[in-house]
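Peer 1: Okay, here's the structure, questions in a sec.
Only the coordinates and a few stated rules stand behind these numbers; no lab work does. Note that this is a predicted model, so its numbers are computed, not measured. Note that each Cβ is placed from the backbone with ideal geometry, even for glycine, and that neighbours are counted across all protein chains shown.
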């Protein structure tokens, strides 16, 4: 879609005039490419130089700044802080109140956001314990960051100062988190800063209606018992006002109309904030060692020590629902921007929603821009796929997108905006290095060879630098995008994109396919249903600490409620009565198959070790009463002791209470280095003082390790062989590695059904 105005024509003519002759005025501008030179001109002003050259540059800068982009339609994809920051500033930060109307929306008022909704942490996660909702936290951030002074002033007939004061009050209201559950509307609004009478009457009345509905609707009243961010509750209330059903997932129109209601109160354009899907989903992150971690919040915290291999989504229904307004916005967009954010939990989940990546490709008239992340993120972008020992580059970022987005990155974006690291003082970067944070550096030649056009610009916040922090400046980024829009039709030496896929992806590997991803994804129950199953199952067991255990199981969403089927309860054993042999371990928990109880030593109860003790014993319970006899005997040959022999006699299959089939149980015992001897006997020979982890304990430890590798350093040490250089000349290394990988595959596919 072409735009033409006098300023745009003037800019093109000035550029043509300045480029004539042996010496161009453009040569005194820094930057490797024309967009970089012009961005520096807009952000930094006209540099010193010959008066004639400076005059021409000043004319060019004036033309760029005056260009009218009020009707240019912008769509931004993303999630988390990165999306809200570039649109209008980080609306969760107190600093936002000092400049609530800056950012992309101030330059491009026709800006829309298509938001990732896989978030399951914080207040959003608490809501999902009770309601089958998509993640609302990022929608809240963006709704607040999109408020515009001009729209507020026009809608509520107020002046600029009042609009700024209103933004500050909305910040407090939407980010307020109560510490004690409110028992009434007045109790909730009695908190400092929540007075609605400082807002325009129509806005105040609308917000009050939403708060009253929280207490009036039986579906929502239960949510007030949990810690929440008020902004999330307001959005929930708005959605459920239009959702007339029961406990099922709210229909897409209810989600759309609820967001429209909130947007109208805030003076935000209708459909300016859209979820990428209205279907709840669960993110899954596969690491190169075979471990699969489920849930965005947990994935963001996981630090497995291995690069991420793949990211996929499971939905509560297939295919997931996408609002038609999402596709309309993409089709009509003049500029499409991929916001910075967590690599695997921001852009990738959005683009894995069926139809969205192709919709972006189908829009062939838009300027398409990726805003690169600033920092390597622990657990996501701190390890490169081809060589985990080296640091992460922009080309690695592009390859990660390419291997996880259906159809790769072809047609999604061509230009990449990056913060110019040369302008950041070394002392600040050193400070970040001490914190373990490293920049994602541009490997320009490689990125250009891949068919992309990098643009380095000073898009950092000066106020942040004064505080020794580096962060995106949303207004500087908006001006950069505006400059790119101004020169979008000028040939700047692009490389052909025909070789993009070949250069962006490793040969021999297959790109993800949208239909295959959807076919292979599981249909999962809503998180609230899983939590209800856990609570119901725990209520039938004889144990204290039920609420604490429910929270542990909630946090580890890979654990299904069926893993509780083999226990009757939990005993705490006094330290003086602990008779468990510690010959093989120092784990103070176990499962007793004779009575079906988990046993944990009492002194673990109020420590950080309780969680791992519980998980180890729970894991052991899945084996149930699989054995009828265990025995260790001396191994004597010709009167000389050569070690010990460990024997397990399996219980007849018909008498077992075990999570696994007979075939699966035998597979596990073989992976645990037990050798089958006859129909129901497994043995292992222990040489001299050889260390040994019995199969039951190994299973419990591996169960806890798979859930979170911080919980079982003993197993982490064993699994570390996968990171070592394996030599074919040492067959035992190869066998050990194969066995370790087999054990991980068993836990992923059989134990956790991944």
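Peer 1: Taking 20 °C and 1.002 mPa s as the conditions, I'd like the Stokes-Einstein D for the range 527-751 in µm²/s, using the Kirkwood hydrodynamic radius from alpha carbon pairs.
Peer 2: On the way: Rh = 18.8 Å.
For the chosen part, D equals 114 µm²/s.
Peer 1: Right, something else. Modelled label-to-label distance, residue 219 and residue 310, 7 Å Cα→beta-carbon offset: nm?
Peer 2: 3.5
Peer 1: Taking the highest mean first, how do the peptides 543-551, 30-38 order by number of other beta carbon atoms within 10 angstrom per residue?
Peer 2: Details: 543-551: 15.3, 30-38: 19.0.
So the order, starting with the most tightly packed, is 30-38, 543-551.
Peer 1: Once you put a point 7 Å from the Cα of residue 165 and another 7 Å from the Cα of residue 364, both along the Cβ direction, what distance in nm separates them?
Peer 2: About 5.5 nm, to one decimal.
Peer 1: Ranked highest first by average number of other Cβ atoms within 10 Å, how do 78-88, 181-191 line up? Don't jump to the answer; show the numbers that get you there.
Peer 2: Details: 78-88: 28.0, 181-191: 13.9.
Those peptides, ordered most packed to least, come out 78-88, 181-191.
Peer 1: Please compute the contact order of the range 527-751 in relative form: average sequence separation of alpha-carbon pairs under 8 Å and at least six residues apart, divided by the residue count, as a percent. Write down the numbers at each step before the final one.
Peer 2: Details: 292 pairs, mean separation 33.5, N = 225.
Relative contact order, the range 527-751: 15 percent.
Peer 1: Still on this structure, I have one more. Please list 61-72, 114-125 highest first by mean number of surrounding beta-carbon atoms within 10 Å per residue.
Peer 2: Working: 61-72: 16.4, 114-125: 25.2.
Top of the packing list down: 114-125, 61-72.
Peer 1: Need one number: % antiparallel among DSSP beta bridges in the chain, to the nearest 5. Mind dumping the intermediate values first?
Peer 2: Working: 36 of 68 bridges.
That works out to approximately 55 percent antiparallel.
Peer 1: In degrees, nearest 10, range 0 to 90: what is the angle between the Cα axis of helix 527-539 and the longest Cα principal axis of the chain?
Peer 2: 30
Peer 1: Would you order 156, 668 from fewest to most other beta-carbon atoms within 10 Å of each residue's own beta-carbon? Intermediate values should be presented prior to the final figure.
Peer 2: Numbers: 156 16, 668 24.
Taking fewest neighbouring Cβ atoms as first place, the list is 156, 668.
Peer 1: What percent do you get for the relative contact order of the range 74-519 when only Cα pairs under 8 Å and 6+ apart count?
Peer 2: Details: 818 pairs, mean separation 76.6, N = 446.
Once normalised by length, the contact order is 17 percent.
Peer 1: Right, here's the next one. By how many nm would the segment from residue 642 to residue 745 grow when fully extended, if each residue of separation counts as 0.36 nm and the alpha-carbon distance is taken off?
Peer 2: On the way: separation 103, 0.36 × 103 = 37.08 nm, distance 3.39 nm.
In short, 33.7 nm is gained.
Peer 1: For the chain, what does the helix formula give at 222 nm: sum of -39500 (n - 2.57) over DSSP H segments with n ≥ 4, over the residue count, nearest 500 deg cm²/dmol?
Peer 2: Helix-only estimate at 222 nm: -12000 deg cm²/dmol.
Peer 1: Across the range 74-519, how large is the tail of the calculated P(r) beyond 28 Å, expressed as a percent of all Cα pairs?
Peer 2: Values: 48798 of 99235 pairs.
More than 28 Å apart: 49 percent of the Cα pairs in the range 74-519.
Peer 1: Roughly how tilted is helix 394-404, in degrees to the nearest 10 and between 0 and 90, from the longest Cα axis of the chain?
Peer 2: Tilt of helix 394-404: around 60 degrees.
Peer 1: Also, quick follow-up: Figure the gain on full extension for residue 332 and residue 204 (residue separation times 0.36 nm, minus the Cα-Cα span) and round it to one decimal in nm.
Peer 2: Full-extension gain reported as 42.7 nm.
Peer 1: Fewest to most neighbouring Cβ within 10 Å: what's the order for 556, 228?
Peer 2: With the fewest neighbours first, 556, 228 line up as 556, 228.
Peer 1: Per residue, how much space in cubic angstrom lies within the convex hull of the C-alpha atoms of the chain? Before the final figure, lay out each step's value.
Peer 2: On the way: hull volume 146.0 nm³, N = 754.
Taking the convex hull of the Cα positions in the chain, it is 194 Å³ per residue.
Peer 1: Send over the Kirkwood Rh of the range 157-255, from the inverse of the averaged 1/r over different Cα pairs, rounded to one decimal Å. All intermediate terms of the calculation are to be shown ahead of the outcome.
Peer 2: Values: mean 1/r = 0.0693 Å⁻¹.
One decimal place: 14.4 Å for the Kirkwood radius.
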